[in-house]
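Report on the following structure.
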Amino acid sequence: MWPGTWRKVLAGLSPVSGAAVRVVKWLYCPVGKRDTIFALSSGHGKCGVAVIRTSGPASGAALRSLTGQQELPRPRAVALRRIHDPSSAETLDRGLVIWFPGPHSFTGEDCSELHIHGGPAVVGGVLQALGRLPGLRPADPGEFTKRAFQNGKLGLTEVEGLGDLIHAETEAQRRQALRQMEGELGQLYQRWSEELTKALAHVEAFIDFSEDDNLEEGVLSRVDAAVQTLEEEVRGHLQDGRRGEWLRGGVHVVIAGPTNAGKSSLLNLLSWSLNSPLAPRSLCLGQRPAAIVSPVAGTTRDVVESALNIGGYPVVLSDTAGLRETQDAIEREGVSRARERLQRADVVLAVLAAVDVAPEPGCLAEALRAILPPGVPARQAPCVLVLNKADLLEEGRGGALLGACGEGALPPACLLSCKTGEGVDSLLSLLGTQLEQMCGDPLAGSPSLTQARHRLHLTSCLGSLGRYHGYKSLDLVLAAEELRLARRHLGKITGRVSAEEILDIVFRDFCVGK
């Protein structure tokens, strides 16, 4: 049954208008109660303290059953209680309990937390006791956060920020995820969505009510200006150099070069040095290698990856097969994969054996061109030139090589000995500078894109905004549809798409529905 108010609204709208088509049906139907869910919220395994969380209408009853007390603790106050198995009255543990009545909780529902000792037997006993209570079931993965989203406690971008914060492994990732979880990115997209909603409402009101002379003059001109401004903001947001996506997923750094230049040794050295930063360099060199090292040319046949933290920035470091012409079918496939990975690299560590190149800019540039993907100028490529095997150089030759690198149009270079570890700090400094230039400070400026789906929907939104300008002089209904599509793409990012908002603005801003 349609509520009478909305029946009148629909009667006053043109049957061809978007507003009439998109009014949501308000049907009278009861809302069923949700199950109460529970789960171990802290990490699995032995620990000092484990946290078990419940959410749902039976959370209060479950807390009463486990503590044996009819009176719940004061909201959001910690209380010490004995925790019993309701079926046997056996004491399972003594721990802290917290009561979060809805809607002032993480999920917006009644919630409780049990802080108990983290032994497997204690945790297992409490979880089994909860599972035997009526109306309770184990939570699905991510269900607590899903309920927080469904109850309006978190937006979709905030949910994604929370997930990124949980998985953050570097300082830069933590800063970016925390900023997104606190809602800055969602607020930016929501502001754009509100501006689009207003523009769409004005266009649809013009379509439906312009003949009644109830609209202010210049309505469409103001819409055009608002759409133009929004288009420029979205375009600028998309042109961020993928900083947020690099911080979230890691910068892909590819080690490339000819055979026997020391690429696998470099992967091992960086992996050991960065995973054990306080260990002596000599001890790091004795660790088990991440990649096989051999004097036999062509040992590396596949891509070997290692995840690292360099200067607070996440890096996925890849060792690749030596670049050369070969008749070996397996090695040829490895070389093909190396070149494919080079095409997708964010940064290239071009490794050359310092003893094999002459200290002349032309010779170094020629050796570098054999490594970098075709058509990429050496100076513009995100590249660091690593001159390895510096321990084998004659006295003075290292300085001559670095001098030649400074004279030519070559990327930043450093001397390195993977055998002794000398020069690794210089390499990390160069690489850290490159990463800082690419990723920037996650706390500076406007929030960055962090997800590929954000970029996809924003690109589609930008396309719809551009088509609006093309349609507005031909068919205003089609132009309005493009605004609607643009708004829908923004709504898919934030998880908020509401048709009623358009009608709210129609009634608020225009004298319609006399």
#### Entry: Search result, residues across the stretch 431-448 that are within 20 Å of Leu188 (Cα to Cα), touching a helix residue (DSSP H, G or I) at 6+ places or on another chain (Cβ under 9 Å) and surrounded by fewer than 21 Cβ atoms within 10 Å (Cβ to Cβ)
Gly440, Asp441, Leu443, Ser446
## Note on the structure
Selection from the stretch 314-328 of residues within 30 Å of Gly249 (Cβ to Cβ) and either open to solvent by 60 Å² or more (accessible area, probe 1.4 Å) or among the charged types (D, E, K, R) (or both) yields Asp319
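Matching residues to (1) over 31 Å from the mean Cα position of the chain (by Cα); (2) aliphatic (A, V, I, L, M); (3) at pLDDT 90 or above:
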residue	(1), (2), (3)
Ser318	no, no, yes
Asp328	yes, no, no
Arg332	yes, no, no
Arg344	no, no, no
Val348	no, yes, yes
### Message
Can you tell me which residue is least open to solvent (accessible area, probe 1.4 Å) among those in the stretch 459-489 that are among the hydroxyl-bearing types (Ser, Thr, Tyr) and without any contact (Cβ under 8 Å) to a residue 24 or more places away in the chain?
### Response
Tyr471
#### Entry: Leading residue by the ranking (nearest to Gly241 (Cα to Cα)) among those in the stretch 343-369 that are part of a strand (DSSP E or B) and not β-branched (Val, Ile, Thr)
Leu349
### Summary
Residue set Glu500, Glu482; condition of a type outside the set (Ser, Thr, Tyr) and at pLDDT 85 or above; output residue Glu482
### Query
Any residue at all in the stretch 358-365 that is at pLDDT 85 or above, crowded, with 19+ Cβ neighbours inside 10 Å and within 26 Å of Leu308 (Cβ to Cβ)?
no
### Task
Among what's in the stretch 131-146 and is under 25 Å from Arg82 (Cβ atoms) and touching a Ser or Thr at 6+ places or on another chain (Cβ under 7 Å), pick the residue that is surrounded by the fewest Cβ atoms within 10 Å (Cβ to Cβ).
Arg132
### Task
Look at Val355 and say whether it is touching a helix residue (DSSP H, G or I) at 6+ places or on another chain (Cβ under 6 Å) and hydrophobic (A, V, I, L, M, F, W, C).
yes
## Note on the structure
Over the stretch 116-152, the set of residues in a strand (DSSP E or B) and of a type in the set (D, E, K, R) is Arg137
### Message
I'm checking my understanding of the structure. Among residues of the stretch 153-182 that are in contact with a Gly (Cβ under 7 Å, 6 or more places away or on another chain) and not in a helix (DSSP H, G or I), which one is most open to solvent (accessible area, probe 1.4 Å)?
### Response
Lys153
### Task
Could you please find all residues in the stretch 69-99 being open to solvent by 50 Å² or more (accessible area, probe 1.4 Å), in a strand (DSSP E or B) and touching a Lys or Arg at 6+ places or on another chain (Cβ under 6 Å)?
Arg82, Thr91, Arg94
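The values are calculated or read from the model by the stated rules, or taken from the named source; none is laboratory data. If you're wondering where the values come from, they're calculated on a predicted model, not measured in any experiment. For neighbour counting, all protein chains shown are included, and Cβ atoms are generated from backbone atoms with ideal geometry for every residue, glycine included. Heavy atoms of the whole protein, side chains included, go into the accessibility calculation; ligands, DNA and RNA do not. Shrake-Rupley method; radii C 1.70, N 1.55, O 1.52, S 1.80 Å.
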